[in-house]
1. Quick test for you: out of ILE223, ILE290, pick the one residue that is in contact with a Leu (Cβ under 6 Å, 6 or more places away or on another chain) and either crowded, with 22+ Cβ neighbours inside 10 Å or among the small types (Gly, Ala, Ser) (or both).
2. Could you grab me the full set of residues in the range 86-99 that are part of a loop (DSSP other than H, G, I, E, B) and under 17 Å from HIS134 (Cα atoms)?
3. Taking the range 240-281 as the search range and keeping residues that are at pLDDT below 90 and aromatic (Phe, Trp, Tyr), which one is nearest to ILE223 (Cα to Cα)?
4. Is there any pair linking a residue in the range 117-136 that is in the same structural domain as GLN13 (by TED's automatic domain parsing) to one that is assigned to a loop (DSSP other than H, G, I, E, B) and not aromatic (Phe, Trp, Tyr), with Cβ under 6 Å and at least six apart or on different chains, and which?
5. Return a yes/no flag: does the range 112-132 have any residue that is among the β-branched types (Val, Ile, Thr) and either modelled with pLDDT under 85 or in contact with a strand residue (DSSP E or B) (Cβ under 8 Å, 6 or more places away or on another chain) (or both).
6. State whether one or more residues within the range 13-21 are outside any helix (DSSP H, G or I), in contact with a strand residue (DSSP E or B) (Cβ under 8 Å, 6 or more places away or on another chain) and either farther than 16 Å from ASP83 by Cα or outside the structural domain of ILE137 (by TED's automatic domain parsing) (or both).
7. Do you know which of the residues in the range 203-217 that are surrounded by 18 or more Cβ atoms within 10 Å (Cβ to Cβ) and of a type in the set (A, V, I, L, M, F, W, C) is farthest from PHE277 (Cα to Cα)?
Amino acid sequence: MDSVDLASARLLQSIEAFSDLTDHELSVLAQYCAVDRYGSGDTVFDSGSRGEQLFIIADGEVIVSTHDEYGNVRDVGRYLSGDSFGELDLFSNTLRTASARCSRDSRLLTFPRRGLRFEDIIERHPEMFARALHRFITVVASRIRTVTQQVAENSPYIRRLRTQGFIDKLTGTYNRAYLNECGSLFDCSQSAGGAILIVKPDNFKAINDTYGHDAGDAALRFIAGGVKALLPPGALALRYRGNEFCVVFPGAEEDSAVELGEKLRRGLRALDFSSLFGGNCITITFSVGIALYPRHARDLESLAAISHETVFGLRDSGGDRIALVAEGCE
């Protein structure tokens, strides 16, 4: 084997699918290779082309890129001397989903060289490629297991990322969509029960009408902070609608739910909004509707809905009150 073929064989051995081949087998493969030169900015392959070769960088640098849904180019990989790319497309005989270009003058080992068909080489050396394909499948399966394990090990992080989609941008509380995620909290609580409380300011429209919606938004953020500060451990707050908040209280029985409702009513009524309204002393009163699980309903959306109806009844009768939903609402 001459020096060119020897260098090609050593590069081919760096491909995991070929790593178990003998020196003789690698020398056979080297005969089907070519070392191609590329200038800076030259394209190695385009997205949508068929994956008919794999590439190993003898020296230089290659950037692999994709296009997002808006047509913007996004670099997804940077390959340096000794790195390889294109194996998956070659062995799976699929169209490429990315493009590759040289970021500087480069020499790439191409297998098979252009003009040769990979299928023809396989037919000439079926036993060798059967082992190479088995090795390739084993490597891919190992990578999949590794990724799966990493996802499992980082599941708290994954859950945190997912939770970000349930955060209300204005108030920093959870949003209404998160209510559907909370059912398990009731089932897993010690008493397998709980309560839903809907908290509504009685006179919030007057705030928007008098001071404008920017001041109203600031007041909502202030109220959200007040609600969260008044909650016991294990309870959480969601922005339910507009200026209304929903409190999810796992494990709560009637007495503790009513106690929390009264604490919220009194505590929020005592908030000092003067800094938000140019020093004007404004009192906002609140009504709180309370529904118990499973006494009043067996799903959280229904509990929130009947609590919401109760709140409007309280507000229409003067507000600044708390109440359990009317019996018979199951």
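The values are calculated or read from the model by the stated rules, or taken from the named source; none is laboratory data. Because the structure is predicted, anything quoted here is derived from the model rather than measured. Quick reminder, even Gly has a Cβ in these numbers, built from the backbone with ideal geometry, and neighbours come from all protein chains shown.
1. Numbers: ILE223 fails: in contact with a Leu (Cβ under 6 Å, 6 or more places away or on another chain).
On inspection, the qualifying residue turns out to be ILE290.
2. To start, the set of residues in the range 86-99 that are part of a loop (DSSP other than H, G, I, E, B) comprises 86, 93-94, 96-98.
Listed by number, the list holds a single entry, ASN93.
3. PHE273
4. Qualifying pairs under 6 Å: PHE118/PRO112; ILE121/PRO112; ARG135/ASP20.
5. Taking the range 112-132 first, the residues among the β-branched types (Val, Ile, Thr) are 121-122.
Adding the requirement that they be either modelled with pLDDT under 85 or in contact with a strand residue (DSSP E or B) (Cβ under 8 Å, 6 or more places away or on another chain) (or both) leaves none.
Scanning the range 112-132, I find no residue that is among the β-branched types (Val, Ile, Thr) and either modelled with pLDDT under 85 or in contact with a strand residue (DSSP E or B) (Cβ under 8 Å, 6 or more places away or on another chain) (or both), so the answer is no.
6. no
7. The qualifying residue farthest from PHE277 (Cα to Cα) is PHE204.
Condition check ((1) under 22 Å from ILE15 (Cβ atoms); (2) modelled with pLDDT under 90; (3) not in a strand (DSSP E or B)) across all residues:
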{"position": "ASP36", "(1), (2), (3)": "yes, no, no"}
{"position": "GLY41", "(1), (2), (3)": "no, no, yes"}
{"position": "VAL44", "(1), (2), (3)": "yes, no, no"}
{"position": "PHE55", "(1), (2), (3)": "yes, no, no"}
{"position": "ILE63", "(1), (2), (3)": "yes, no, no"}
{"position": "ARG74", "(1), (2), (3)": "no, yes, no"}
{"position": "TYR79", "(1), (2), (3)": "yes, no, no"}
{"position": "ARG101", "(1), (2), (3)": "yes, no, no"}
{"position": "ARG104", "(1), (2), (3)": "no, no, yes"}
